[in-house]
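The values are calculated or read from the model by the stated rules, or taken from the named source; none is laboratory data. What you see is a predicted model; the values in this text were computed from it and never measured. Heads up, the Cβs are rebuilt from the backbone with ideal geometry, glycines too, and the neighbour counts pull from every protein chain shown.
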């Protein structure tokens, strides 16, 4: 299992590093967009997949990162400075939105976060002096480190890739700590979690705030990718798109967002050839996937890994162990 | 001073009075039995003590500190743990993960739990416990895939994991086969001898009478009797509560 994972990471790294060298402009843009969406999906997977707290405000949190960069960079702030500001704002608003999560659950929480996304959208559209209103902000510069500029699409792709690696590594680090286990305990049995000492308040707030902070990172990288943003990019539709990535990929599975982000971003592009039918085909594909793979696309991944390992190591399941009573008797 | 003291505790669900003015105390090192017919308020009492439910009136004192208003995680941090009549586990975690989960919040701060990775001490304890409870063979299985009896034992193990001062057991023997009941009784006596304090809700009279030196009887939310097994056995009010007239 471990060997396969290492192999997967190596192959993935080579593809991600070399593939862009041969991609034309539009495909390069799609690859960059997929990475940005991956960052956002990882954030939502932490909040929803691991901690079980639904958020339909992910695009709203994304806008904090995007607008922070778009507003601050022209003022002479380096891109990374704008990104940090956006992430901090997203983190803090994530904390604020975490509070309702302490009182309401499931679809009620969905309504609360949905409302928040709409409010963010309205503020972005109406606070014209800051956000440019519905005209948005154009000519967003890409980052530069002294003489090194990430101006070309290819250079900016590698810049995004660097942040993606950071996000993946940090999410892995958080989710494999006691926090990750505490998040899962809340999702699996909230009452039991509290009885074994899990502070629902602390962990739910953190799950919301960290997930939102990742959305801020994604948003900050998103703005210079398109070089233009307007409030229409951060509507509820987009939040639902992230929800789809996480659910289709596999809730609460580390591999989930990778599969989800790739499929939700690239499948519509592949289907473009079918002209007017592509949305219908895409929706049908989503419905079928959910019917036959309710745990998400990771089921295909798991199936492949099982096939590979079984062939090499014989049956995957050891014989059933004896009942504990028998063990106790034997003592 | 009593370790755990319940004073005039009442709990109403709307117009239904689930507990009314129940008082009892638990001494350090004791093994107290709590019995009563179905619906007499035993589990509600546990829920009120452990912060799962907020009592309507009355107080819960632990080592003299009023813990009535604490949430469940606060009660856990004071050193009170419990099991559940309807088993409550983390189904998608392995047996070992369930045990580690039961101890991870015991020490440190929120941020030290993010930064500190070392878990050898907890892992040693968890491995000792699976050995002790006879769950070694299934330690890497998901909790959802265990048999009923094994889940019951895991629930018990989770209550022991944080090294608590008082353990509240809610029908630990219900639905468990006779062999495992024997094992559980031995475990409880064993741990009690080591100094752990227990309060046990149990329907199996034979077990309660042999296990506990003192028994409290609830009926329809009120305490109707308290005493040694012999006294309870001969108490007409208890017979009345169970069999009615």
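Restricting to the stretch B:65-96, give me the number of residues that are closer than 24 Å to residue A:251 by Cβ and over 13 Å from the mean Cα position of the chain (by Cα).
Result for the stretch B:65-96: 8.
Pick from B:26, B:22, B:60: which is more than 14 Å from chain A (Cβ to nearest Cβ), more than 29 Å from residue B:135 (Cα to Cα) and touching a helix residue (DSSP H, G or I) at 6+ places or on another chain (Cβ under 6 Å)?
Being more than 14 Å from chain A (Cβ to nearest Cβ), more than 29 Å from residue B:135 (Cα to Cα) and touching a helix residue (DSSP H, G or I) at 6+ places or on another chain (Cβ under 6 Å) holds for just one of B:26, B:22, B:60, which is B:60.
For residues in the stretch B:79-98 being more than 10 Å from chain A (Cβ to nearest Cβ) and more than 17 Å from residue B:50 (Cβ to Cβ), which is surrounded by the most Cβ atoms within 10 Å (Cβ to Cβ)?
Going through the qualifying residues, I end up with B:95.
Scan the stretch A:3-13 and give yes if some residue there is touching a residue at least 12 places away in the same chain (Cβ under 8 Å), farther than 30 Å from residue A:99 by Cα and surrounded by fewer than 21 Cβ atoms within 10 Å (Cβ to Cβ), otherwise no.
Yes.
Do you know which of the residues in the stretch A:20-55 that are in contact with a helix residue (DSSP H, G or I) (Cβ under 7 Å, 6 or more places away or on another chain), part of a helix (DSSP H, G or I) and over 30 Å from residue A:94 (Cβ atoms) is modelled with the highest pLDDT?
My answer is A:28.
Has the stretch A:205-221 got at least one residue that is surrounded by 18 or more Cβ atoms within 10 Å (Cβ to Cβ), within 11 Å of another protein chain (Cβ to nearest Cβ), at positive phi and in contact with a helix residue (DSSP H, G or I) (Cβ under 8 Å, 6 or more places away or on another chain)?
The answer is no, given that none of the residues of the stretch A:205-221 is surrounded by 18 or more Cβ atoms within 10 Å (Cβ to Cβ), within 11 Å of another protein chain (Cβ to nearest Cβ), at positive phi and in contact with a helix residue (DSSP H, G or I) (Cβ under 8 Å, 6 or more places away or on another chain).
Do we have any residue at all in the stretch A:228-244 that's assigned to a helix (DSSP H, G or I) and farther than 30 Å from residue A:130 by Cα?
Looking through the stretch A:228-244, at least one residue is assigned to a helix (DSSP H, G or I) and farther than 30 Å from residue A:130 by Cα.
Give, as residue ranges, the helices (runs of 4 or more DSSP H) completely inside the stretch A:150-198 that count at least 3 residues that are closer than 21 Å to residue B:158 by Cα and touching a residue at least 40 places away in the same chain (Cβ under 8 Å).
Correct list: A:178-188.
So, restricting to helices (runs of 4 or more DSSP H) that lie completely within the stretch A:256-331, which ones have at least 2 residues that are surrounded by fewer than 16 Cβ atoms within 10 Å (Cβ to Cβ), modelled with pLDDT of 75 or more and more than 14 Å from every other protein chain (Cβ to nearest Cβ)?
A:256-270, A:278-292, A:298-313
Does residue B:130 satisfy being within 11 Å of chain A (Cβ to nearest Cβ), surrounded by 16 or more Cβ atoms within 10 Å (Cβ to Cβ) and outside any loop (DSSP other than H, G, I, E, B)?
So residue B:130 passes the test.
Residues in the stretch A:120-129 that are farther than 17 Å from residue A:216 by Cβ and part of a helix (DSSP H, G or I): how many?
Our first condition is that a residue be farther than 17 Å from residue A:216 by Cβ; within the stretch A:120-129, this holds for A:122, A:125-129.
Subset that is part of a helix (DSSP H, G or I): A:122, A:125-126, A:128-129.
So the count comes out to 5.
Give just the number: which of (1) facing another protein chain (nearest Cβ under 8 Å); (2) modelled with pLDDT of 95 or more does residue B:110 not satisfy?
It is condition (2) that residue B:110 fails.
If you scan the stretch A:108-144, which residues turn out to be touching a residue at least 24 places away in the same chain (Cβ under 8 Å) and under 17 Å from residue A:44 (Cα atoms)?
A:109, A:110, A:113, A:114, A:116, A:117
Name the residues in the stretch B:205-233 that are surrounded by fewer than 19 Cβ atoms within 10 Å (Cβ to Cβ) and assigned to a loop (DSSP other than H, G, I, E, B), would you?
If the condition is that a residue be surrounded by fewer than 19 Cβ atoms within 10 Å (Cβ to Cβ) and assigned to a loop (DSSP other than H, G, I, E, B), then B:213, B:220, B:228 are the ones that fit.
Which of the following residues is within 13 Å of chain A (Cβ to nearest Cβ) and within 30 Å of residue B:241 (Cα to Cα): B:145, B:177?
On the way: B:145 fails: within 30 Å of residue B:241 (Cα to Cα).
The match here is B:177.
Do we have any residue at all in the stretch A:152-175 that's closer than 30 Å to residue B:117 by Cα, buried (at least 21 other Cβ atoms within 10 Å of the Cβ) and within 11 Å of chain B (Cβ to nearest Cβ)?
Looking through the stretch A:152-175, none of the residues is closer than 30 Å to residue B:117 by Cα, buried (at least 21 other Cβ atoms within 10 Å of the Cβ) and within 11 Å of chain B (Cβ to nearest Cβ).
If you go through the stretch B:234-245 one residue at a time, how many are surrounded by 12 or more Cβ atoms within 10 Å (Cβ to Cβ) and out of contact with any strand residue (DSSP E or B) (no Cβ under 9 Å at 6 or more places or on another chain)?
1
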